[in-house]
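The values are calculated or read from the model by the stated rules, or taken from the named source; none is laboratory data. The shown structure was predicted, so the numbers you read here are calculated from the model rather than taken from an experiment. Every residue, glycine among them, receives a Cβ derived from its backbone with ideal geometry; neighbour counts consider all protein chains shown. To get the accessible areas, we keep the full protein, side chains included, count just its heavy atoms, and leave off ligands, DNA and RNA. Shrake-Rupley method; radii C 1.70, N 1.55, O 1.52, S 1.80 Å.
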Amino acid sequence: MRLGGAMGTFIEDYALLSDQRTAALVSRLGSVDWLCFPRFDSGSVFASLLGGQENGRWLLAPLQGEVVSRNYLDASFVLRTLWASDTGQILVTDFMPTGNGHSGIMRRVEGLSGTMRVEHELVIRYNYGAVLPWVRRSFDPVKGTESLVAVAGPKAAVLHAARLPKARHHTHRDEFDVRAGDVFDFEFACYPGHAATPEPSDVGLAMTQTAKHWHDWAAKIPRHEAHDALVRRSLLVLKALTHRETGGIVAAPTTSLPEFFGGERNWDYRYCWLRDAALTLQVMMTHGYEQEAMHWRDWLLRAIAGDHNNLQIMYGVGGERELPERVLQHLPGYGGAKPVRVGNAAVHQYQGDVVGEVMVALDELRTMGGREDHFSWPLQKALIDYVIANLKRKDHGLWEMRGNPEYFTHSRVMMWAALDAGVRAVKHHGLTGDVLAWESARDKLRAEIMEKGFNADLDSFTQTYATTEVDASLLVLAQVGFVDYQDPRMLGTVARLEKDLLDEHGFIRRYRTEAAGDGLPPGEYTFLVCTCWLVEQYAHSGRLDDARALFEKLAETVNDLGLVAEEFDPVSGHMAGNFPQALSHLGLIRAADAIAEVEGTRPFRPRRGPK
């Protein structure tokens with residue numbers, strides 16, 4: 001089976017570009033293989049990531065030569081790739097400008113020495129590679145310049161360049177020599193089909209402004225003594241996945257990158273999961289970014305509005321509720337992994353843990369000084385009422401299993417955490433609420449979990465009330481204060497997890513897919529966030545050396561740009577799942593923080609911990 005997307009590119013060989021409206025993936029081979037417009041969750045302009053070049057891409061790379069190095073310009077998403085051959089060297093700089101009113105990509109090719117011949121190919125295909133646009137040349141008689149304009153219904157794009165590629169078989173191609181001292185600028189701008197074509201920009205000025213935008217944001221990140229570069233880049237990724245206008249945080253900028261190569265565990269992650277966003281905000285806040293939390297809280301209020309009884313686990317970037325799942329039959333999928341899905345049917349699932357993650361994050365925001373307004377606390381009280389109303393309801397769990405609903409222990413604990421956060425709000429922050437009823441429901445739920453979610457014979461918490469299986473999500477129990485990290489019941493659970501789910505490479509699986517009844521064929525790679533949780537547990541339970549060793553394994557899965565996907569296959573050494581993944585990045589931050597906290601080197605604010 002062939003691994004890799006367009007031109008055989010592996011997931012880890014991609015770089016992320018973002019303008020905080022949408023994102024692009026650029027391969028190590030110089031091809032932009034993924035770009036959606038106008039938002040993260042919109043239809044694509046380039047989709048060769050999930051097919052071939054005929055599904056849309058933008059290639060700009062030497063005909064001969066190799067990549068000597070690539071890096072981001074300091075704390076930014078301005079990508080620089082150094083190419084070299086026997087005949088010369090060139091530097092290619094790629095970025096999405098953050099100062100424009102529209103999304104786009106700018107690329108600069110600079111000759112450093114000798115001469116290199118560069119290939120330029122532009123294939124524009126809208127709606128995930130299915131729609132061929134009308135492309136024409138537009139001449140400006142005043143400036144004496146030409147541009148390529150591509151229009152298809154509501155979407156349009158323009159390529160501004162001193163040298164334009166020529167049309168051939170519904171693509172546009174060119175080859176040109178780059179000599180020492182040469183500079184070639186290219187600007188690809190997306191805009192509404194009915195609007196006027198954007199004027200060309202000053203690429204050099206836009207590059208400076210974009211780098212400054214990211215540098216200014218990252219300037220307040222506290223220095224992390226042992227893992228500064230990894231933590232800093234992970235925080236930047238979380239910011240890059242946050243929509244600048246709405247405040248919505250997407251789980252990943254991609255869809256259908258497989259959790260198992262060649263399999264059908266291929267999902268669309270370009271939406272705003274309440275859980276993932278709440279966990280993102282926790283790490284943002286502990287590193288000094290309370291304003292991001294307030295922005296997301298406003299998004300949450302708009303998304304849920306007055307319909308908390310029909311709470312969803314995810315929404316669109318703008319708070320949209322309808323995210324119908326469909327299969328794109330015309331795309332062959334990354335490495336042949338089908339189906340390629342857009343939309344996500346899990347939106348209709350009931351997952352009991354979600355309110356818990358949200359309430360814990362907002363509890364931390366209050367603790368750090370965030371003020372409630374006339375809407376935010378009433379909504380949280382409504383969410384607590386929602387938890388109480390659903391106390392007897394089974395759910396599909398953290399992992400969105402498509403089998404029958406069950407009483408998942410992790411979900412029940414997060415419902416407990418939601419009630420506990422409500423009690424804390426009244427008792428510690430002076431807010432109003434039926435604290436006696438909340439305390440009663442919280443304490444009864446705790447007793448239930450201890451009776452039905454903990455198996456004394458096995459000395460372990462279990463995945464569900466009805467099974468003896470374990471689940472990596474049980475590592476979260478100590479994180480939210482349900483038990484202490486060193487509680488004998490927690491240590492017994494860790495021993496079971498190590499026995500049943502730890503693989504020979506030291507990574508921990510989510511659960512045993514062959515025994516879970518999750519509605520899908522068994523088989524998947526290791527979810528990296530689970531191993532991050534295990535690092536936290538080790539660090540806080542007196543196993544600091546184990547935590548450090550396991551974290552080093554995690555650090556080795558990160559690519560050369562500090563990016564990581566949802567999963568990792570330790571056998572092949574390749575990433576799997578959607579990329580880059582917010583949950584993996586926030587897990588890495590938490591794991592590094594846990595080690596630093598135990599070592600006494602942590603320069604940032606502590607989280608809400610166990611009682």
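Which value, in debye to the nearest 20, gives the size of the charge dipole of the chain about its Cα centre, when Lys and Arg are +1 and Asp and Glu are -1 at the Cβ?
Working: 65 positive and 79 negative charges, 225 e Å.
Using Cβ point charges on Lys, Arg, Asp and Glu, the chain gives about 1080 debye.
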(request) Using the Karplus curve 6.51 cos²θ - 1.76 cosθ + 1.60 with θ = phi - 60°, work out ³J(HN,Hα) for each residue of segment 586-595 in order, rounded to whole Hz, and write x for Gly and Pro. (result) 5, x, 4, 4, 4, 5, 4, 4, 4, 4
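Sorted by accessible area with a 1.4 angstrom probe, largest first, how do Asp185, Asp395, Asp86, Asp487 fall? Don't skip to the end; give the middle numbers.
Numbers: Asp185 50, Asp395 5, Asp86 165, Asp487 30 Å².
Descending order: Asp86, Asp185, Asp487, Asp395.
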(message) Leaving ligands and nucleic acids out of the surface, order Val598, Val340 by accessible area at 1.4 Å, largest first.
(response) Val598, Val340
(message) For segment 6-75 and segment 220-246, what is the centre-to-centre distance using only Cα atoms, to the nearest Å?
(response) 21 Å
(request) With the cut-off at 41 Å, report for the chain the share of all Cα pairs above it, as a whole percent. (result) 25 percent
(message) Need one value: the accessible area of Lys338 in square angstrom, 1.4 angstrom probe, rounded to the nearest 10.
(response) 100 Å²
(message) Quick query: amide H of Phe568 versus all other amide H atoms, modeled in the peptide plane; which residues come in under 5 Å with a sequence gap of 5 or more or a different chain?
(response) Thr526, Leu528, Ala576
(request) Determine which residues of segment 352-371 fall in the zone a paramagnetic label at Val435 would reach in this model, i.e. backbone nitrogen under 20 Å from the point 7 Å along Cα→Cβ. (result) 359-371
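As an exercise, identify the trypsin sites (Lys or Arg not before Pro) in segment 1-93 lying in DSSP coil whose Cβ has no more than 14 other Cβ atoms within 10 Å.
Values: sites: Arg2, Arg21, Arg28, Arg39, Arg57, Arg70, Arg80; in loops: Arg2, Arg21, Arg28, Arg39.
Passing both the DSSP loop test and the Cβ count: Arg2.
Classify segment 1-128: rounded, prolate or oblate, from the alpha-carbon gyration tensor (a ≥ b ≥ c, eigenvalue square roots; a/c under 1.5 rounded; otherwise prolate if a/b is larger than b/c)? Intermediate values should be presented prior to the final figure.
Details: a/c = 1.87, a/b = 1.31, b/c = 1.42.
It is oblate, given that a/c is not under 1.5 and a/b is not larger than b/c.
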(message) Quick check: residue separation of Ser113 and Gln64 times 0.36 nm, minus the Cα distance between them. What number comes out in nm?
(response) 16.2 nm
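Using DSSP to call loops (not H, G, I, E or B), can you name the GluC sites (Glu not before Pro) in segment 536-603 whose Cβ has at most 14 other Cβ atoms within 10 angstrom?
Numbers: sites: Glu536, Glu552, Glu556, Glu566, Glu567, Glu597, Glu599; in loops: Glu556, Glu566.
Here the sparse-neighbourhood loop sites are Glu556.
Suppose a student asked you for the relative contact order of segment 42-131, using Cα pairs under 8 Å spaced at least 6 residues apart; what percent would you report? Spell out each step's value before the answer.
On the way: 189 pairs, mean separation 35.0, N = 90.
Reported relative contact order: 39 percent.
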(request) Please go through segment 15-69 and write out the chymotrypsin sites (Phe, Trp or Tyr not before Pro) that DSSP classes as loop and that have at most 10 other C-beta atoms within 10 Å. (result) none
(request) Return the whole-Å distance between the Cα centroid of segment 83-158 and the Cα centroid of segment 338-398. (result) 42 Å
(request) Can you tell me the FRET efficiency between His330 and Arg137 if r is taken as the Cβ-Cβ distance and R0 is 25 Å, rounded to the nearest 0.05? (result) 0.30
(request) Compare the Cα positions of Phe139, Pro488, Ala218 along the charge dipole of the chain (+1 at Cβ of Lys, Arg; -1 at Cβ of Asp, Glu; about the Cα centre) and return the one farthest towards the positive end. (result) Phe139
(message) From Cα pairs below 8 angstrom and at least 6 apart in sequence, can you work out the relative contact order of the chain, rounded to a whole percent?
(response) 13 percent
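Could you calculate the FRET efficiency of Ala447 with Tyr350 from 1/(1 + (r/R0)^6), where r is the beta carbon distance between them and R0 is 25 Å, rounded to 0.05?
Approximately 0.65, to the nearest 0.05.
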